[in-house]
Amino acid sequence: MNANSLIRKTRRKKLKTGKETDCGGKSISNLPEEVLEHIVSFLPIQEAIRTSIISKKWLNLWKSTPNLTFYGGYSPKRKLFMDFVERVLVLRGPSNIEKFRLLCEAKDDQSRIGTWISAAVNRNVKDVYLGLSDFESSFVFPRCLFNCKTLTEFEIDMLFTLKLPSSISLPCLKILNLRQVTFINDQSTQQLFSLPNLVELEIYECNWKNLVWVTICAPKLQQLAIYESHESTPANSGGCHVRIFRTHLAYFRCWGTLSNEFCLDESSVVETYISLLSDSDRQRETACRSYKLLEGISSVKTLYLTIDVVDVCFLPLFP
Amino acid sequence: MSSSAENPTLTTEITKPSTEIATETAQSAKKINLKTSDDQIFEVEESVAMEFATVKSFFEDAPSSTDTVPLPNVPAKPFSQVIEFCKEQIKFKANPDETEKKKSNSEFVKEKTNEDLVEMIPVANYLEIKDLLDVLNQAVADRIQNRSVEYVRSFFGIDNDFTSEEEALLREEHAWAFEDVDED
């Protein structure tokens, strides 16, 4: 007997027996644990834990809650917060974690936070957000984070260097959002931008100063948004040459002074938003790069262009 | 007690003139009788009844059955609200619009009392209506958020089965979860 017919048989039995079986009943007290766990899973973790005092049946429900959001960790309550996160991760059951969202001051707790991230990866986490501030130089994430088989959404927001392992394997990652990080080297950054199942990539006010040549070549990428940082780049620093290669975008947004060069190569795009800002030290460079960028998107269907550049060479011809 | 006639919303469906039914296609006109635990008979359109996985399985096993399907764990009051929800859902099946669907779902729970929601959960679970269960569980979670343990107990009608000593100990053990770790 296969599983489906077994389920059907159980369902038939449910209809025939008039008794209040374990699969239902008149009141909430007769509900199976899965349903109560489901209710608890919609609560913020701290409130989920508080439900353990309701009754004996509720005592351990919070332990399988899959969504863990920890926002806080600012002095003077930082120690309380950090201890709270640790307790939750130690005391919760072996069930999977779906969302792990952490916003805190990292300070001297790099390795401690690294352990928490590893714990989430070990529990097959799907959605990770890390907003970290206040620590020295670079933050070293556990290697397993960049080799997580289950990760589908990933956002990092930190004003520091993003150290990446030499090999990255995120086969399920669909949405990647990088905010304010400083990239270190071409090769690892390129691996991160060219993941096989990446659909959305947003690179927001990141620092490209250590990079020279990077190719974004993600076959399934549909949305790409790049916001350059406000920090002015020294004249003639060259910036990074970013090639968007063999990518077919539904949506592309580029905002900034083009202190880096962006060009589309063997790629297409449907809807494009380009906002070019002027930088008095590098007007000529911005103008040339604008030309190159616009040339690459000549097949665009809809273009929204905002130009604040004085020395515009000329616009390429659109067919 | 067959009291379906007492409920005016039900009689409109039952007493629908046969001529009108005849003009519809055979498929869409098919009705299924469902009997609740308090012996009310609901005549619902097949498409609505098929939203209940438990009932659907019944007909998959006996496709030609014309029997009234007993729902021994389903009282009439929450069941009529569950039918209301499923009728709305079917509209979105034909014409999917996530934003409208969310709006309609939140309208649905907004006008329900705490008691309505709590009574519908076991029914949705028993009939295996996943979408409704998601909506209801989210709604009750929203309503118990930031409330005291005592409030949550009375919300669900749960008896506290801890002795006062046990509860005091538990509160002590869980004190860390009752501390305010957020910023003020």
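Throughout, read-outs are computed from the coordinates displayed, never taken from laboratory work. None of the values given here were measured: they were computed from a predicted structure. Here the Cβ is made from the backbone with ideal geometry for all residues, glycine too, and neighbour counts use every protein chain on show.
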Looking at chain A as a GNM with Cα springs under 10 Å, which of A:VAL214, A:VAL35, A:VAL270 has the largest mean-square fluctuation? A:VAL35
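So, R0 is 30 Å and r is the distance between the beta-carbons of A:PHE245 and A:ARG143; what FRET efficiency does that work out to, to 0.05?
For A:PHE245 and A:ARG143, the calculated efficiency is 0.65.
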Along its three principal axes, how long is segment A:192-319 when you only count alpha carbons? Whole Å, largest extent first please. 39, 36, 19
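State, as an integer percentage, the relative contact order of chain A based on alpha-carbon contacts under 8 Å between residues 6 or more apart. Don't jump to the answer; show the numbers that get you there.
Values: 662 pairs, mean separation 24.5, N = 319.
Result for chain A is 8 percent.
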Förster radius 51 Å - calculated FRET efficiency between A:GLU266 and A:LYS99 (Cβ-Cβ, nearest 0.05): 0.90
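Using the Kirkwood radius over C-alpha pairs as Rh, can you work out the diffusion coefficient of segment B:124-184 via Stokes-Einstein at 20 °C, viscosity 1.002 mPa s, in µm² per second? Don't jump to the answer; show the numbers that get you there.
Values: Rh = 14.2 Å.
Stokes-Einstein gives a translational diffusion coefficient of 151 µm²/s.
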Based on the Cβ-Cβ distance of B:SER65 and A:THR69, what FRET efficiency does E = 1/(1 + (r/R0)^6) give at R0 = 51 Å, to the nearest 0.05? 0.60
Compactness relative to 2.2 N^0.38 Å, alpha carbon Rg of chain A: 1.27
Over the Cα atoms of segment A:66-173, what radius of gyration and what Dmax do you get, in Å? 13.2, 40
Once you put a point 7 Å from the Cα of A:TYR273 and another 7 Å from the Cα of B:GLU173, both along the Cβ direction, what distance in nm separates them? 5.2
Please list, in order, the residues from segment A:104-123 whose amide nitrogen is less than 18 Å from a point placed 7 Å along the Cα→Cβ vector of A:GLU136. A:105-114
Distance cut-off 19 Å, Cα to Cα: go down the list B:LYS35/B:LYS101; B:LYS30/B:LYS56; B:LYS77/B:LYS110; B:LYS31/B:LYS110; A:LYS174/B:LYS102; B:LYS87/B:LYS110 and report the pairs above it. B:LYS35/B:LYS101; B:LYS31/B:LYS110; A:LYS174/B:LYS102
Test of understanding: what is the full-extension gain from A:TYR227 to A:ASN177, defined as 0.36 nm times their sequence separation minus their Cα-Cα distance? 16.9 nm
Exposure proxy order (Cβ contacts within 10 Å, fewest to most) of A:THR302, A:THR152: A:THR302, A:THR152
